[in-house]
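In what follows, a structure is listed as structure tokens, so that the remarks can point back to it.
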Amino acid sequence: SPSLRAAAMAAGPPPLEPRRLPVFTEEGFGEKFLRKTRENPLVPLGCLCTVGVLTYGLISFKRGNVRRSQQMMRARVLAQGFTFVALLGGMVVTAMKSRK
């Protein structure tokens, strides 16, 4: 009714309830690394594979095994590609989660 609406407008807006703000804690490097590794474990795995293949390829090159060295450099490129795809996949999954 018009008289109730007028009385409500005269009383003013309802009091604001204090909102609970999220509490953020300072996250160190190790904690952030572990959290990110749990979120997307394929990226650190790809990095380790890349470093391992690169190291083995450099050792083969130093020993004079050119054929093995070339194979390892090609494998390194594949491992880097895997790491990149895992990184992109993790970003897509994170973006999809944030939309929900």
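The values are calculated or read from the model by the stated rules, or taken from the named source; none is laboratory data. Note that this is a predicted model, so its numbers are computed, not measured. Don't worry about glycine lacking a Cβ; one is built from the backbone with ideal geometry, like all the others, and counts go over all protein chains shown. Heavy atoms of the whole protein, side chains included, go into the accessibility calculation; ligands, DNA and RNA do not. Shrake-Rupley method; radii C 1.70, N 1.55, O 1.52, S 1.80 Å.
Here the relative contact order of region 39-99, from alpha carbon pairs under 8 Å that lie six or more residues apart, stands at 44 percent.
Residue 50 exposes around 20 Å² of accessible area when a 1.4 Å probe is run over every protein chain in place. Simple rule: put +1 on each Lys or Arg Cβ and -1 on each Asp or Glu Cβ in region 39-99, find the dipole, and look at 64, 95, 45; the Cα lying farthest toward the positive end is 64.
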